[in-house]
Amino acid sequence: MRHTADGWWAEEAGFSPARPPLREPLDADLVIVGGGFTGLWTAWRALELDPACRIVLLERDRCGHGPSGRNGGFCKGLWMNLPALVAHHGDDGALAVAQACEDAVTAIGGWCRDEGVDAWFRTGGFLSVSTSPLLDPVHADTVAEARRLGVPDKAQALDPDATRSRFAGPAVRGGVLVPGATIQPARLVRALRDRLIDQGVALFEHSPALAVDEFSDRVLVRTVHGTVRAARAVLAAGPALGSTRPLRRRLTIGSSHAIVTEPVPDVLAHYGWTGGEAVVDRRTLLDYLRTTPDGRIVSGWGGGRPAAGARLHGPVWCDPAALDRAARHLLELMPEVRGRTIEQGWGGPIDISPSTLPSVVPLGPRVDAAYGFTGRGVGPTRLVGEILAARALGHADDRTRLPIVGPARGSVPPEPIRWLGATLVRAALIRKDDDEAAGRRAGAAERFVAGLPGRLGITVGR
Ligand SMILES: Cc1cc2nc3c(=O)[nH]c(=O)nc-3n(C[C@H](O)[C@H](O)[C@H](O)COP(=O)(O)OP(=O)(O)OC[C@H]3O[C@@H](n4cnc5c(N)ncnc54)[C@H](O)[C@@H]3O)c2cc1C
């Protein structure tokens with residue numbers, strides 16, 4: 001299995017020529033730190049609200065080098081997370097956030113259409129399949145909440161036949177289907193970036209923000225060779241925010257790893273998987289699978305190692321053991337893949353919030369940050385970008401009043417306890433997942449350790 005620094009999506013999409021680093025002092029209305037989906041959608045929306053807005057966007061590496069250009073491409077909202085939304089935001093808040101996230105997914109498809117961007121946007125739904133009797137009850141709470149809240153079509157329980165008519169892996173039992181789409185993430189990042197540059201956004205790559213200082217009349221963002229003085233700042237730096245002082249205790253940084261097969265359209269036909277569904281199994285440390293237009297499978301495992309102190313290097317980007325596991329799980333779910341080439345594997349960091357839900361937090365009167373997408377940001381970043389832009393430009397609307405906006409809630413233990421704890425819990429969850437996927441009840445020790453975060457009010461996985 002080949003590994004490259006950027007992953008297969010970026011290779012497929014290709015890169016536009018890099019933008020030069022910032023080398024001068026600049027004035028702006030809005031400075032955005034981070035050129036992933038959150039930062040790029042923020043810039044897009046800000047220009048929609050005020051075409052004259054002077055925007056500077058600073059990207060540490062190249063836009064899309066981070067998770068936004070290397071994810072599984074599941075473009076979905078948060079309907080599967082309805083129980084967590086209700087627990088944190090109440091019935092009305094949960095419904096409003098879930099609907100707004102679904103609208104964001106629709107808007108991404110509409111954007112691609114309107115802008116003539118072929119980012120492989122395909123609405124096939126998001127299907128959670130059970131592969132063992134012990135995993136059958138998972139997501140029953142999602143279906144029950146959707147019914148109770150009067151939106152049963154947003155989380156439909158499928159019987160075994162209906163599930164297998166969409167994805168007939170040999171172990172597949174029942175399923176739960178929620179709205180969702182898939183995209184080619186690097187194509188979307190690249191198209192957004194290029195259009196923003198065309199529209200006059202001053203976008204600088206290889207320009208890490210080193211410090212963000214807020215004053216009564218401005219924000220000052222410093223890079224190695226330049227500074228930006230702006231009226232407002234948005235911090236959209238993804239998992240890197242876990243090492244910033246205000247958010248250090250709000251995030252755990254985990255990792256996710258994905259692989260891509262050679263084209264295997266015959267295998268997809270064998271399993272009746274031709275509807276473009278984004279599929280997950282029900283391990284707590286999730287397996288996810290989707291197809292591409294040329295019949296490949298992109299498959300990943302969300303159980304990569306945590307990053308100590310949010311330091312984003314090494315195994316967070318490529319861990320051979322995590323890639324092997326992703327490949328092994330794919331073979332378990334789809335044995336017909338055996339003997340086919342797995343062309344490439346890659347990984348990336350995940351910004352995990354204690355609630356597993358994203359948040360927009362004001363860090364000061366002139367500075368907002370967004371964090372905690374927990375491996376589910378591809379759709380929600382569009383909504384969050386709209387919120388960040390509206391707040392930066394003083395346009396209050398229904399979205400800026402959603403309950404995901406506000407002071408940071410929930411915290412995680414300080415380092416090194418966090419890393420030690422996350423490492424122990426991860427090991428227990430891997431064993432528990434393996435047992436449950438094999439139809440065995442996990443041992444008492446595994447269940448105890450796996451349940452520790454819950455006792456601290458921290459949700460883990462799925
Ligand atoms: C392997 C993998 C699979 C995933 N699969 C899915 C999926 O299928 N569906 C889904 O919804 N989500 C998935 N995710 C998560 C998803 O990719 C993220 O939630 C989403 O991309 C978050 O976007 P973002 O813009 O907030 O952050 P990022 O994409 O992390 O962007 C932040 C950017 O900020 C830059 N940056 C960091 N520090 C600085 C600094 N100091 N100065 C300037 N720039 C800085 C980074 O280089 C980066 O480009 C996956 C993630 C990974 C790693």
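Rounded to the nearest 20 debye, the dipole magnitude of region 202-273 is 580 debye, with +1 charges on Lys and Arg beta carbons, -1 on Asp and Glu beta carbons, and the Cα centre as origin.
Excluding L192 itself, what net charge comes from residues whose Cβ is under 15 Å from its Cβ, given Lys and Arg +1 and Asp and Glu -1?
Values: positive: R19, R45, R62, R113, R187, R190, R193, R195, R382; negative: E48, E59, D114, E115, D118, D194, D198, E205, E386.
Neighbour charge sum, excluding L192 itself: 0.
With neighbours defined as other Cβ atoms within 10 Å of a residue's Cβ, the residues I458, I259, I417, I430 order from fewest to most as I417, I430, I458, I259.
The angle between the Cα long axis of helix 185-198 and the main principal axis of the chain comes to about 20°, on a 0 to 90 degree scale.
Just to confirm a number: summing +1 for Lys and Arg and -1 for Asp and Glu over residues other than A390 whose beta-carbon lies under 12 angstrom from that of A390, what do you get? Walk me through the intermediate numbers first.
On the way: positive: R45, R232, R391, R399, R401; negative: E48, D50, D368, E386, D397, D398.
Net charge around A390: -1.
Inter-label distance, T423 to H206: 3.5 nm, where each label sits 7 Å from its Cα along the C-beta direction. Spacing of the modelled spin labels on H3 and D92, each 7 Å from Cα toward Cβ, amounts to 5.0 nm. The long axis of helix 417-437 is offset from the longest Cα principal axis of the chain by roughly 30 degrees.
Distance from the alpha carbon centroid of region 413-461 to that of region 121-188 works out to 24 angstrom.
Against the main long axis of the alpha-carbon atoms of the chain, helix 380-392 sits at an angle near 20°. Simple rule: put +1 on each Lys or Arg Cβ and -1 on each Asp or Glu Cβ in the chain, find the dipole, and look at H329, L251, A87; the Cα lying farthest toward the positive end is L251. Here region 318-389 and region 1-80 have alpha carbon centers that stand 15 Å from each other. Between the listed residues A437, F167, I417, the Cα displaced farthest toward the positive end of the dipole of the chain, a dipole computed from Cβ unit charges relative to the Cα centre, is found at I417. The charge dipole of the chain, taken about its Cα centre with unit charges on the Cβ of Lys, Arg, Asp and Glu (plus for the first two, minus for the last two), comes to roughly 1140 debye. Normalised by the number of residues in the chain, the average gap of Cα pairs under 8 Å and 6 or more apart makes the relative contact order 23 percent. Model label sites at E214 and H270, defined 7 Å from Cα along the beta-carbon direction, differ in position by 5.6 nm.
Laboratory data are not the source of any read-out in this text; all were calculated from the coordinates shown. Treat the numbers as computed from the prediction; the structure is a model and nothing was measured. Neighbour counts run over all protein chains shown; Cβ positions are idealised from the backbone, glycine included.
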